[in-house]
Amino acid sequence: MRGTERFLADAATRGLEVQLVERAAAKSLEEAARILGITPSDIVKSLVVKHRDGSFLFALIPGDRQISWPKLRALLGVNKLSMPSADVAFEATGYERGTITPLGSSKPWPVYADASITGRRISMGAGEHGYSAFVNADALTAALGAMVADISDLL
């Protein structure tokens, strides 16, 4: 099953309304935002984070922010987290970097969403290059059972 098909099927199973859009390739976050007609902060990155026990989690971070490792480690009560290689991230999710999303992931890892994404419509990866999805962030975090917390810092 293609990435967008897995994404859409999982969203439908969760009763989550998403709008899938095909878009031109972008060389930067700013270019992607221009193509989609939104601001960089409205593009939410789905980052795969490796826990020291070998499991993974998703961190949903706005495009104009980065993971705050101290905040995320404190929230999880651990002293070591890392970003896996592209190969390991693919193995953990079934998605290539740049297309990763918790929706349709090959394994249902826990989701941690930065509090700054709430209360608005966001864009995120949709499982394949050349596609993005628009979704209500509050509906997304509820559908995923995400922990919403302050886990990012401005770039």
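FYI, it's all coordinate maths here, none of it is from the lab. Predicted model only: the values in this text are computed from it and were never measured. Neighbour counts run over all protein chains shown; Cβ positions are idealised from the backbone, glycine included.
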Subject >> Average Cα contact separation per residue, the stretch 3-154, under 8 Å, 6 or more apart, as relative contact order % >> reply: 31 percent
Original post:
What number of lysine-lysine pairs in the chain show an alpha-carbon separation below 25 angstrom, given a sequence spacing of 8 or more or placement on distinct chains?
Top reply: 10
Original post:
Say each of residue 71 and residue 21 gets a label point 7 Å from the Cα, pointing the same way as Cα to Cβ; how far apart are those two points in nm?
Top reply: 2.6 nm
Subject >> Counting DSSP beta bridges with both ends in the chain, the antiparallel % (nearest 5) >> reply: 75 percent
Original post:
Where the centre of each part is set by its Cα atoms, how far does the stretch 57-96 sit from the stretch 111-130, in angstrom?
Top reply: 14 Å
**OP:** Write down the Å³ per residue value for the convex hull defined by the alpha carbon atoms of the stretch 3-154.
**Re:** 98 Å³
Original post:
Where does the chain land at 222 nm, in deg cm²/dmol rounded to the nearest 500, when only DSSP H runs of n ≥ 4 count, each adding -39500 (n - 2.57), divided by all residues?
Top reply: -7500 deg cm²/dmol
